[in-house]
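Working notes, structure below.
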Amino acid sequence: MAFRTLTSLARACLRPAGLVLGLWLAASAAPAMAQGQPLSPEQRKAVTDLIRETILKNPEIIQDALVELERRNTVAQAEAQRGAVAAEKARITDPATSVIIGNPEGDITLVEFMDYNCGFCKRAMEDVTALTKADPKLRVVLKDFPILGPDSVEASRVAVAAKNQLQGQKYFDFHNKLMAVKGKVNAAKALEIAKEAGADVALLKKDMEAPATKAAIEDTVALGDRLGLTGTPAFIVGEEIVFGAVGQAALKQKIDSVRRCGKTDCAG
């Protein structure tokens, strides 16, 4: 996955250790505090020494705390993202800021936030194409999410403007050819491929500069921020956000589950 931001591993690893110490200290101090008797310096040192000795003798405590913290963070993040997806449902599929391919009236929607310079998006393109061909009831919503620099923004301006001239399969073919480009994708390359797809380049250049084009991209980037998207590709199936090029089989399983029970995991 191509990431917008990176979380420091060292910083993440330091927090659980401090949490374990704090919890132990609080637990040890509780009886005295409950009686209105704060710990004396000698008692505090004794508690600290006991904690240190216990951790040194049982270092797996830190590992267990890390695992549990990661589990809780994952659960909390997933819940927050589900809430955000539900709240932003209309914005996510807004035709003004998206391109809809596949079956516009499909019973299941697969949303992809992508960047034309993201290698993993290029890999995922084949999965999305295969799913669209194999599932006549699938609606796919493409969202330009240019997070990898100025070239990506330029390419997205062309792509967003191109939907004024290219619709349906014509647009999807243009999208796939642009995604298949080896090396950097910028405005010049995107215009070249749009011309091959039959677009009027002069009109396309004019539309690239239109306020609506800029607004559509800015709206999607802001939406991605509200959804907590940290990279591309990012898919939305049902109310779940799926990060990365997870493969056709994994996406199909989630699509089938939503179709069957309304959730991406019918056993959950």
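Worth pointing out:
- Counting 0.36 nm for each residue step from Asp94 to Ala188 and taking away their Cα separation leaves a gain of 31.1 nm.
- Fraction of beta bridges assigned by DSSP in segment 66-150 that are antiparallel (%, nearest 5): 35 percent
- Segment Ala130-Ala250, length gained on full extension (0.36 nm per residue, minus Cα span): 41.9 nm
- Were the residues from Arg259 through Lys206 laid out at 0.36 nm apart, the gain over their Cα-Cα distance would be 14.9 nm.
- Förster radius 41 Å - calculated FRET efficiency between Asn58 and Cys266 (Cβ-Cβ, nearest 0.05): 0.55
Each value in this text was obtained by applying a stated rule to the coordinates, not by laboratory testing. Here the structure is a predicted model, which means the values were calculated and not measured. When we count neighbours, we look across all protein chains shown, and the Cβ atoms used for this are built from the backbone with ideal geometry, even at glycine.
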